[in-house]
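Read the structure below first, then the notes.
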Amino acid sequence: MTALLLSLPGDVLITILVNLDVEDLLCTLQASLENVLAKLYYDYIISFNTQTCRALYVFCASTDYIWHNIKIDYPLNLPHQVITNKHSAELRKHCVEGLRIDHNWRKNPPSLKALSRIDNGGIIEQMQYLPPKWLVSMSRVSTSLRPTCVLSIWDCNTSGDAKRIKHFSLEPHGLSKFSASLSKDEKHVLVVIFNGHAEILRVYHIPLQDSDYLADPDEYISSRIIKNDMAGSVFEADICGETVSCLIAQFRMGRPSYQVLFLDARSGKHLRVDVNVPPPFTKLQIRLFSDSFLLLSGVQSPQNLILRLYDASGFLQKLKNSANIHYDSGLGLGTPCAEYSFSAPGTIHQEYKLTTGNLSTAALIFPRGTNNRLVRFPVRSDDNGVTMSGPQSELRSQTFYRTPAHVDMSPEFIALGPCGQRAVWLERAWNEESDRTGFNLMKGAFSDQPGAISNVGSLIPTYVALPFEVETCQSIAFDEAMGRVFLGLYTGEIYVLNL
């Protein structure tokens, strides 16, 4: 069979191999290698079969084109999931590790490889993981003078060790939140702090070198907007490259109105665009793609989750060409290029989580009293950064467990991976019959293949004794590619679960 394959023209053989899935290609490599080793063991070193097996192994293992074009349907530990700049040997190593993690996450419960502890300090209120190894945390610290926020950046390599490489104090803690992104050169982290006391938002451009503690973090501020310059409050922010997009809410006569704020993190230029959001339209989330397409999602009624795709390139071009630091366009976001709707038979419970990746745009939703769902919208960004969208008919959903009628289940701290393949959340369940509240860490493993079954269950086996109480968890960050879960506790500790 090996000889027949190698007798085919090279382009035909490449076409065959590219259309295999990753696991089949790895099995082909393994079989070829084992065949070679077996024949060498029996001293048939010069046999034709040995040479052809070796040739097939070299062809599969060393051809970059095959590994750049084969469909990889699970997350890899690569920044932004870009594979075209990696050699075949490095990609093969990532694929083998990714396949092992994928098999483990599809078990219920998965195997816990290791558990480690990070002493962060304070009450850890928010965390965000930035592949391939960075963790950003925000904690509230009470001192004898006044409470403050501390932002920390951790180097969490895969060996289980974590090193704090940056930390600095912020203004007194209010309702501040942050969004972070890793630069393309992987040498800086862009952090947007919003909803502080005096400012709408503040943008830091933090190098991942130099000293640990930043005595004067203001020198790393690239732009800021104070409340005197703009009305409203930011409640959602997303970063794409050097562009920040934010959702701003203003309330007049008890009715909300919304705007999208686009900000160039380098120059500080920003502009506002009105968004037509007819009530009731709540729980808005925003995402910006690299080619200037903007996603806006929200719950339009108790049953409908709406996702709209807009072309924002015209606004971003105006921002670039504007001579003013602040430019209010006076325009609306316009008509969406595409709109998708998903109806759940129950009321969407508390919150949903939206994520975008090169596979699809996914939303994890928890309707009340019916099956929970992972919904995949036909919007994605390809390896070249081009946004692709399909019709409503391509929208797919996967159902998973249904909450019993006598249990009031509330998902908290939902962490859905950037590829939409895995998720983690804290489940708070109040049993009406026993009048007791229970807490459980949950995990989900999903596939983007039609008709695939979701693997959802407890994250931790029941026989594992954890060194902390689950209900002390205040935030969750998730390394989807490596299967690591970061739990930020009320006690100031971060526990890393390596699965």
Boolean, residue 459 is hydrophobic (A, V, I, L, M, F, W, C) and either under 16 Å from residue 417 (Cβ atoms) or open to solvent by 60 Å² or more (accessible area, probe 1.4 Å) (or both): yes
Residue pairs meeting the criteria (Cβ under 7 Å; at least 6 apart or on separate chains; first closer than 13 Å to residue 458 by Cα, in the range 412-432; second surrounded by fewer than 23 Cβ atoms within 10 Å (Cβ to Cβ) and of a type in the set (Asp, Glu)): 425/412; 426/412; 428/412
Filtered residue count, the range 213-236, keeping only those that are without any contact (Cβ under 8 Å) to a residue 24 or more places away in the chain and not small (Gly, Ala, Ser): 6
Residue match in the range 291-313 (condition: in contact with a helix residue (DSSP H, G or I) (Cβ under 9 Å, 6 or more places away or on another chain), outside any strand (DSSP E or B), polar (S, T, N, Q) and modelled with pLDDT of 85 or more): yes
Residue among 493, 471, 433 that alone is open to solvent by 60 Å² or more (accessible area, probe 1.4 Å) and modelled with pLDDT of 90 or more: 471
Entirely in the range 320-377, the strands (runs of 3 or more DSSP E) that have 1 or more residues that are at pLDDT 70 or above and crowded, with 20+ Cβ neighbours inside 10 Å: 338-343, 353-356, 361-365, 371-377
Matching residues, the range 91-100, being of a type in the set (A, V, I, L, M) and either open to solvent by 50 Å² or more (accessible area, probe 1.4 Å) or modelled with pLDDT of 90 or more (or both): 96
Matching residues, the range 263-299, being free of Cβ contacts under 8 Å to residues at least 60 places away in the same chain and touching a Phe, Trp or Tyr at 6+ places or on another chain (Cβ under 6 Å): 271, 275, 277, 294, 298
Flag if residue 438 is of a type in the set (Gly, Ala, Ser), in contact with a strand residue (DSSP E or B) (Cβ under 8 Å, 6 or more places away or on another chain), surrounded by fewer than 22 Cβ atoms within 10 Å (Cβ to Cβ) and at pLDDT 85 or above: no
Of all residues in the range 49-87 being of a type in the set (Ser, Thr, Tyr) and modelled with pLDDT under 75, the one that is nearest to residue 380 (Cα to Cα): 84
Condition broken by residue 155, with the remaining ones in (1) touching a Leu at 6+ places or on another chain (Cβ under 6 Å); (2) modelled with pLDDT of 90 or more satisfied: (1)
Pairs with Cβ under 6 Å, 6+ apart, first in the range 170-186 and within 19 Å of residue 236 (Cβ to Cβ), second modelled with pLDDT of 85 or more and polar (S, T, N, Q): 180/128
Residue 288 under 25 Å from residue 396 (Cα atoms), open to solvent by less than 10 Å² (accessible area, probe 1.4 Å) and within 24 Å of the chain's Cα centre (by Cα): no
Failed condition for residue 426, given (1) in a loop (DSSP other than H, G, I, E, B); (2) at pLDDT 90 or above: (1)
Qualifying positions in the range 465-488 - of a type in the set (A, V, I, L, M, F, W, C) and under 21 Å from the mean Cα position of the chain (by Cα): 473, 476, 477, 478, 481, 482, 485, 486, 487
The range 210-252, subset polar (S, T, N, Q) and modelled with pLDDT under 80, residue farthest from residue 169 (Cα to Cα): 228
Checklist (1) surrounded by fewer than 17 Cβ atoms within 10 Å (Cβ to Cβ); (2) at pLDDT 90 or above; (3) not hydroxyl-bearing (Ser, Thr, Tyr) applied to residue 110, failing item: (1)
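Yes/no per residue for (1) modelled with pLDDT under 95; (2) open to solvent by 40 Å² or more (accessible area, probe 1.4 Å); (3) under 20 Å from residue 212 (Cβ atoms):
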position: 114; (1), (2), (3): yes, yes, no
position: 128; (1), (2), (3): no, yes, yes
position: 131; (1), (2), (3): yes, yes, no
position: 139; (1), (2), (3): yes, no, yes
Test: residue 103 is at pLDDT 60 or above, touching a Lys or Arg at 6+ places or on another chain (Cβ under 8 Å), open to solvent by 20 Å² or more (accessible area, probe 1.4 Å) and assigned to a helix (DSSP H, G or I): no
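The values are calculated or read from the model by the stated rules, or taken from the named source; none is laboratory data. Note that the structure is a prediction, hence the values are computed from the model and not measured. With ideal geometry, Cβ positions are generated from the backbone for all residues, glycine too; neighbour counts draw on all protein chains shown. Keep in mind that these areas ignore ligands, DNA and RNA; they rest on the heavy atoms of the full protein, side chains included. Shrake-Rupley method; radii C 1.70, N 1.55, O 1.52, S 1.80 Å.
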